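Below is one structure, written out as C-alpha cells, with a few remarks after it.
Rule-based calculations on the coordinates, nothing more; no lab input. Just so we're clear, the structure is a prediction, and the values are computed from it rather than from any experiment. Reconstructed Cβ throughout: ideal geometry from the backbone, glycine too, with neighbour counts over all protein chains shown.
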Amino acid sequence: MEKSNFAPAVTVTAFIYYGNPMSLKARIENKKAHIGVIGLGYVGLPLAVEFAKAGFPVTGIDVDESKVAGINAGENYIPDIADDTLKTLVSNGNLQATADMDNIADLDAVAICVPTPLSKVGDPDISYIIAAVDGINQHIHKDLLIILESTTYPGTTQEIVFSRLEKSGLTVGKDYYLCFSPERIDPGNEKYTIANTPKVIGGATATCTQLGALLYDQIVDEVVTVSSPVTAEMVKLLENTYRSINIGLVNEVAIMCEKLGVDVWEVIDAAATKPYGFMKFTPGPGLGGHCIPIDPQYLSWKMRTLDYNPRFINLAAEINSAMPAFVKDTIANGLNGHGKALNGSSVLILGAAYKKDIDDVRESPALDVLILLETAGAAVDFFDPYVADIVIDNKTKVGLTELTAENLQTYDAVAILTDHSNVDYELVKKQAALIIDTRNVYPLNHDEKIIRLGVGKKD
C-alpha cells in the first residue's frame, strides 16, 4: 500500500504500477518525455526554456494568442531569457507554443505556472489554476505527471487540484502523478537562476514525489523533497512572508530614524557587519512584484478561515502598504522646504519597475506613489529605461524617452523610486532642483537639495 501524502481525509488506493511509471521514468531520464508548461509569463516561459535547453521536447500553453504567436516566431518578451536562446530552441523544434489545451493528450508532464492574484477584496483568486486543471482534466491520461508551481494558499493542491482531477476516475499515485513545487524565479537576478537555485517538491504520494524530483533533477543542480504538497506550499509562503515581515521592520526603522535624526542606511550597514544573527534588508517606497506583497496574504487568508489572526503578517502589510503615502508626504515636505506646495508642482518619478534593472511593474509601489501625487494635485511624469509606458485605471501613461539637463530642470522635484543601474545619477544631481532619494543612490550625502528616505535632520 502506498501512503498518501495528503491529509488523512483523502483516501488513496494501493500503489500498483498499472500505468507503468517506469516507462515515464525512462522517458524522463532519456529526455524523451514531452513537457508542457501552462502559463508563459515570468515563471512559465523561463521554465519551458530551461527544459528545452536540457533537450526535452517542450510545448508552452497560454490563452494569450499574441504570446503564442510571438514565441513561435522566435520573439522573446522575458528579459531573463536571451533572445538568441529562444530563437534557437524554437527553430530546432525543442520549443513550441499553443493556445490549444488538446495538446495535453500528448504530454508526459505538465507544469502549471498561471497567475494567482488577489481579488478586489483581498481573497485568493485561483480561477486561473481552476481553468488550467479543468483543461488538463479533459485530456488527462495514464502516466501523466502534473506539477503545480503557481503560488497559492496551503492546501490548494489537495483541495482544488486533486479534488477536480479525481473526477476523471483515475487514481493519484497509480494512474497519474501530482506534485507541488514552488517557483523560485527572481527576475533580474543574474547570480541565481533556475539551474542553481534548489527546487523544492512535495508529491501526493512517494512515487509522485520521486517522479517529480527526477524531472526537475534534469534541469537544476539540487532538488529538495518534502513530505507533502501542503508542506511545499508552506515553504514558498514562509520564504516570502519572512521577506515581507523583515522589509516591514526595516521600513518602520527608517521612519523611526527620521524622527531620531539618524541615518538608517548607516545603521543598516554597520549592523550588517555582524557575522551572525543579522540579515541585511533595506527600506524603500513600498513592496512590489507579484510575490512578496501577495504571497503572505494567501497565508493570512487561510489562517483567518481557521479562526487565527496572523498578527505579524498583517502588521507588516500595514507598514509596507503605508510607505507610498509616507514617500508622498516626504516629497510634499521637501517641496514645502523650497517654498512650494505639492498641489500644482511638477514631479518626475525615476523608476516605474518594482525593482532595479527589470521591466516588471507588477504591484510596483512607484505606481502607488504616482497616483497619490496626482490625486494631491501634482503634475507627474516618469522615466524608466526599461518601461516605456504604464497602465493605471485602464489609462496608458507614456514615460519620458530620455533624461536630459533640459527636461530635468523643468521639474520642481525628482523622486528616485527605483534605482536602475543605467541612469545617470550625476546628471540628476547636477540638474534637479530637489531630489527625494528612497533607494540610497546618494549615500552619506549632505547636499541640502537631496532628501534621503530614513535620514532625519539633526538639530
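Side notes on the structure shown:
- Electrostatic dipole magnitude of the chain [Cβ: Lys, Arg +1; Asp, Glu -1; Cα centre; debye, to 20]: 980 debye
- Shape category assigned to the range 180-293 from the gyration tensor of Cα positions, a/c cut at 1.5: prolate
- Over the range 59-164, the pair-distance histogram of Cα-Cα distances with 5 Å bins from zero comes to 2, 11, 19, 20, 19, 15, 10, 4, 0, 0 percent, rounded to whole numbers.
- With the charge dipole of the chain set up from +1 on Lys and Arg Cβ and -1 on Asp and Glu Cβ about the Cα centre, the Cα lying farthest toward the positive end among the listed residues Met303, Ile451, Leu89 is that of Met303.
- As a calculated quantity, the FRET efficiency between Asp359 and Lys3 at R0 = 30 Å, using C-beta atoms, amounts to about 0.05.
- Within the range 21-227, antiparallel bridges make up roughly 10 percent of the DSSP beta bridges whose residues both belong there.
- Principal axis analysis of the Cα atoms in the range 98-214 yields extents of 42, 38, 30 Å, listed in decreasing size.
- Relative contact order for the chain: 12 percent, from Cα pairs under 8 Å spaced at least 6 residues apart, divided by residue count.
- Spacing of the modelled spin labels on Asp134 and Thr305, each 7 Å from Cα toward Cβ, amounts to 1.8 nm.
- Per-q log10 I(q)/I(0), the chain, q = 0.12, 0.14 Å⁻¹ (Debye; single scatterer per alpha-carbon; no solvent): -1.05, -1.28
- Derived scalar couplings ³J(HN,Hα) [the range 168-185; Karplus, 6.51 cos²θ - 1.76 cosθ + 1.60; whole Hz; x for Gly, Pro]: 5, x, 7, 9, 5, x, 10, 9, 9, 10, 10, 9, 10, 9, x, 5, 10, 8
- Förster radius 30 Å - calculated FRET efficiency between Tyr242 and Glu29, Cβ distance, rounded to 0.05: 0.25
- Amide H within-cut-off set for Gly173, under 5 Å, with H built and near neighbours excluded: Leu178
- Whichever lysines have a C-alpha closer than 21 Å to that of Lys457, once near sequence neighbours (fewer than 8 apart) are set aside: Lys259, Lys328, Lys340, Lys429, Lys449
- Neighbour counting of Cβ atoms within 10 Å sorts the residues Asp389, Asp62, Asp269, Asp80, fewest neighbours leading, into Asp389, Asp269, Asp80, Asp62.
- Using every pair of separate Cα atoms, the Kirkwood estimate puts the hydrodynamic radius of the range 21-227 at 17.0 angstrom.
- Length gained when the stretch Leu400-Lys167 is fully extended (0.36 nm per residue, less Cα-Cα span): 78.6 nm
- Helical contribution to [θ] at 222 nm, DSSP H n ≥ 4, -39,500 (n - 2.57), averaged over the chain, rounded to 500: -10500 deg cm²/dmol
- Annotation: amide H of Asp419 within the under-5 Å range of Lys356, sequence separation 5 or more or interchain, hydrogens built in the peptide plane.
- Convex hull of the range 309-399 built on C-alpha atoms - directionally averaged projected area, nm²: 7.1 nm²
- Compared with the alpha-carbon gap, the fully stretched path from Lys274 to His338 is longer by 19.1 nm at 0.36 nm per residue.
- Packing rank of 181-193, 366-378, where each peptide gets the mean count of other beta carbons within 10 Å, highest leading: 366-378, 181-193
- Pairs of Lys residues in the range 121-230 are counted when their Cα atoms are under 27 angstrom apart and they lie 8 or more places apart or on different chains; the count is 5.
- Among beta bridges that DSSP assigns inside the chain, antiparallel share in %, nearest 5: 20 percent
- D (Stokes-Einstein, µm²/s), Kirkwood Cα radius, the range 342-457, 1.306 mPa s at 10 °C: 111 µm²/s
- Projecting the Cα atoms of Val133, Phe162, Val49 onto the dipole axis of the range 21-227, where Lys and Arg carry +1 and Asp and Glu carry -1 at the beta carbon, places Phe162 farthest toward the positive end.
- Proximal aspartates and glutamates to Lys395, defined as alpha-carbon separation beneath 19 angstrom and excluding residues fewer than eight positions away on the same chain: Asp359, Asp360, Glu363, Asp368, Glu374, Asp381, Asp384
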